[in-house]
Amino acid sequence: MEPLRSTDPARIAGYRVLGRLGAGGMGVVLLGRSPGGALVAIKLIRAEYADDTGFRTRFRREVAIARQVRNRWAVPVVDADTEAAAPWLATEFVPGPALSEAVGSGGPLPERSARALGSMLAEALEAVHGAGLVHRDVKPGNVLLGLDGPRLIDFGIARALDDTVLTATDAIVGSPGFLSPEQAQGRRIGPASDVFSLGCVLVYAATGGRPFGSGPVEAMLFRSVHDTAELGALPPGLLPVVEACLAKGPEGRPTAGDVRRAFAEDVSGGSWLPGPVTHLIAERSARMLALPDIEATSLDAGSSGGPADTDPGTGAGSGNTSAVPASPGRRRFLAYVTGGAAIAAAGGTTAWLVSSRDDKAPRGGGEGRGTTARPELRIGLQADLSGPSAAVGKGQERAALLAVEEHNARKDAPFTLRLTTVDDRGDEERATAAVRRFAEDPLLVAALGATGTDAAREALVAYDEAALPLLSVVDGDIRHLNRTFLCARPRNDMQMLPVAQFLGAYEIDKVALVDDGTEYGRQTTRYLDAGLRGNGRTVLAETVREGTRDLDAEAERIAAKQPGAVVYGGGWRDAARFAKALVGAGFLGPRIGTQAVHDPRFLAEAGEAALSWLVVSTAADPSSVPSVHAFAAAYRERFGAAPPLLAAEAYDAVGLIAACAEGLGREKLSRQDLLPALRVTSYKGVSKSYAFESANGMYTGTGVFIYRVERGRFRYIGMDGTEV
């Protein structure tokens with residue numbers, strides 16, 4: 001990273017700019033920090049290009065499409081402003097080196113690493129091509145190396161920038177030595193061009209050289225079009241696939257999917273990078289944490305300016321609001337990688353839209369008791385009520401209705417709430433249809449949803465187009481960010497903070513960190529891995545893919561390495577099987593699961609093997625967390641059943657929206673009024689305290705609950721690393 005120059009901005013929107021990561025003809029790439037402490041890479045476009053109407057139109061289009069490129073090996077766009085005087089976009093920051101730096105300073109990668117690299121980059125290109133994009137600049141400098149895998153950067157955006165340059169100068173844009181013949185000749189290109197570039201990158205990764213040599217640009221372009229690639233130093237295991245990628249004609253090349261499948265077996269199991277590169281990544285991760293802390297910001301008169309109360313609320317109906325949320329700051333994240341306080345421990349959306357209950361008071365209409373002729377505001381609930389997650393969806397519907405009824409029973413309530421519910425059954429297409437229905441109702445000012453992560457992902461674009469605020473108490477996917485989304489729970493990666501604190505407090509040095517090969521598994525283990533390594537701990541990075549048949553063999557292999565603890569980052573079904581396998585392998589040390597394990601079905605399937613497991617979760621278990629007991633009693637009285645997990649959070653989400661709307665003090669309120677206000681509101685609910693980063697809507701509270709499995713149930717033992 002380079003120091004800032006006098007011409008560089010100190011802030012871009014809500015991000016504090018810390019330094020320069022690079023520069024090019026179109027602009028500069030800056031390192032920024034969000035108010036909540038997250039690091040991002042910000043590409044700031046030069047003003048002369050921003051003045052080009054055609055460029056701005058293309059840039060706007062490409063940013064919208066790039067938001068839809070969702071793959072674990074492609075760096076996601078987390079924020080953007082296409083209408084600013086100097087347009088910009090922010091992506092997740094990856095502290096690892098570029099492939100060009102790693103190979104340039106440390107030499108070629110081993111064959112297995114190069115094959116794994118090929119499979120993962122091909123998977124990223126599949127996502128890019130699936131979104132209707134061509135990357136156009138696949139090169140070593142655009143491949144960042146992470147502990148869990150590579151990250152392809154600049155996907156989608158390169159197309160918008162290149163179009164502008166070609167229109168203006170008819171120049172060839174890209175990186176000589178990594179261009180396909182058709183790109184080198186300025187002809188129209190498609191996905192096959194990226195595959196050719198991928199072949200060139202793999203040659204560089206495995207040999208340290210370019211397949212068409214170096215020298216003057218004209219010479220490299222000529223050789224790319226007419227000469228045979230130099231592959232003599234390429235390992236035999238790479239040769240057939242790379243030769244096919246480098247076919248002169250696009251029709252003769254494999255697809256990105258073909259390349260992924262050819263190398264797929266090299267992705268699983270153990271560290272994919274050689275030791276020197278792994279150590280370099282860990283050192284850089286630790287260095288990033290030492291960057292300057294966030295400066296205090298001025299507060300509007302009348303705002304509390306204080307931190308949100310991080311303790312759970314005291315009972316149903318205990319909400320209160322104050323402007324400006326607190327940020328956890330860098331100190332809390334440093335505690336994550338260095339140990340910190342101890343905790344006590346042992347050891348939608350799939351079918352047709354079935355119903356909308358907004359006209360069936362009181363159950364769906366939410367008119368409730370004590371309703372008077374007051375202005376009406378509507379809140380949407382998009383949930384899986386009849387699909388695979390129906391138990392959670394129905395619990396959220398009932399809890400939201402309970403909150404609506406309690407609000408409407410207040411004599412001093414300035415407006416009446418109505419709940420509009422749509423069953424998306426967990427189906428992605430129905431999720432988008434649900435948003436369209438919400439968007440058509442001018443009185444509907446915000447929505448809760450969706451029950452499933454996939455449904456939320458597909459619906460986000462539609463929510464953005466409708467400028468409709470969406471709160472989710474379920475979705476912690478770090479990729480799901482846009483201008484209307486509020487993540488009302490800690491992110492998937494940040495839920496692991498108490499795990500790091502536990503491992504540090506008990507001085508457990510050797511940790512087996514197991515992911516299941518899914519995106520959720522990656523997100524829950526990636527930062528924990530980097531943090532532990534940066535603090536000098538030994539991490540056994542293991543991938544046991546979802547659905548693996550012989551878990552006994554995998555458990556025995558891991559137990560044989562004698563870890564001090566095992567952290568499992570996958571879902572409840574395989575976690576239950578893995579728990580049994582670990583017992584069979586004789587491992588009885590600390591076993592830790594993530595929120596996906598916080599499921600009654602894990603207890604039923606694992607049986608005695610679940611005993612003493614620690615589980616971290618963002619959900620307040622109504623049967624165990626004291627602050628939720630009053631809500632649970634009210635829910636049981638109203639519906640004749642105990643509330644399921646995430647019901648209390650849905651109750652809180654309605655309370656947050658209502659309190660924010662009430663705090664604005666306006667007779668008429670639109671979703672455009674509510675959206676910015678929600679992001680600067682802090683609210684104490686019955687499950688936890690809520691606050692958001694105003695820049696991107698991410699949750700900035702603490703809100704991670706720790707449970708220990710005892711007597712066939714999850715017993716609450718603490719919150720955010722603090723024992724009860």
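The values are calculated or read from the model by the stated rules, or taken from the named source; none is laboratory data. Bear in mind that the values here come from a model prediction, so they are computed numbers and not experimental data. So basically every Cβ, Gly included, is an ideal-geometry build from the backbone, and we count neighbours across all protein chains shown.
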Residues of the stretch 527-568 satisfying the condition of being more than 23 Å from I281 (Cβ to Cβ), touching a helix residue (DSSP H, G or I) at 6+ places or on another chain (Cβ under 8 Å) and in a loop (DSSP other than H, G, I, E, B): E546, G547, T548
Every residue from the stretch 583-597 that is closer than 17 Å to I508 by Cβ and surrounded by fewer than 24 Cβ atoms within 10 Å (Cβ to Cβ): F587, L588, G589, P590
Neighbours by Cβ (under 7 Å, 6+ apart or cross-chain): first from the stretch 603-620, on the phi > 0 side of the Ramachandran plot; second surrounded by 23 or more Cβ atoms within 10 Å (Cβ to Cβ) and among the β-branched types (V, I, T): S612/V709
Selection within the stretch 446-484 - buried (at least 24 other Cβ atoms within 10 Å of the Cβ) and charged (D, E, K, R): D475
Total residues in the stretch 500-526, condition in a helix (DSSP H, G or I), closer than 20 Å to A575 by Cβ and of a type outside the set (V, I, T): 9
Criterion (touching a Gly at 6+ places or on another chain (Cβ under 8 Å) and surrounded by fewer than 16 Cβ atoms within 10 Å (Cβ to Cβ)) met by exactly one of E62, E83, E2, E48: E2
Some residue of the stretch 564-582 being surrounded by fewer than 23 Cβ atoms within 10 Å (Cβ to Cβ) and touching a Gly at 6+ places or on another chain (Cβ under 7 Å): yes
Conditions (1) modelled with pLDDT of 90 or more; (2) in contact with an Asp or Glu (Cβ under 7 Å, 6 or more places away or on another chain): number failed by L444: (2)
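Within the stretch 209-224, how many residues turn out to be outside any helix (DSSP H, G or I) and either surrounded by fewer than 15 Cβ atoms within 10 Å (Cβ to Cβ) or not assigned by TED's automatic domain parsing to the domain that holds H129 (or both)?
Number satisfying all stated conditions: 4.
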The one condition in (1) farther than 24 Å from R671 by Cα; (2) surrounded by 21 or more Cβ atoms within 10 Å (Cβ to Cβ) that S386 fails to fulfil: (2)
Residue list for the stretch 18-33, filter: farther than 14 Å from R46 by Cβ, crowded, with 17+ Cβ neighbours inside 10 Å and more than 22 Å from the chain's Cα centre (by Cα): L18
Residue among S687, S694 that is at pLDDT below 90 and touching a helix residue (DSSP H, G or I) at 6+ places or on another chain (Cβ under 8 Å): S694
Selection from the stretch 225-254 of residues that are over 19 Å from A205 (Cα atoms), assigned to a loop (DSSP other than H, G, I, E, B) and touching a helix residue (DSSP H, G or I) at 6+ places or on another chain (Cβ under 7 Å): K248, R253, P254
Hits in the stretch 601-628 (condition: buried (at least 16 other Cβ atoms within 10 Å of the Cβ) and assigned to a helix (DSSP H, G or I)): F602, L603, E605, A606, A609, A610, S627, V628
Pairs, first within 19 Å of A647 (Cα to Cα) in the stretch 678-697, second of a type in the set (D, E) and at pLDDT below 90, C-beta under 9 Å, six or more apart: K684/D309; K684/D311; K688/D311; S689/D309; S689/D311
Test set (1) over 24 Å from S670 (Cα atoms); (2) out of contact with any Leu (no Cβ under 7 Å at 6 or more places or on another chain); (3) crowded, with 19+ Cβ neighbours inside 10 Å - D552 fails condition number: (3)
Residues located in the stretch 86-125, provided they are of a type in the set (S, T, N, Q) and either surrounded by fewer than 20 Cβ atoms within 10 Å (Cβ to Cβ) or in a helix (DSSP H, G or I) (or both): S100, S105, S113, S119
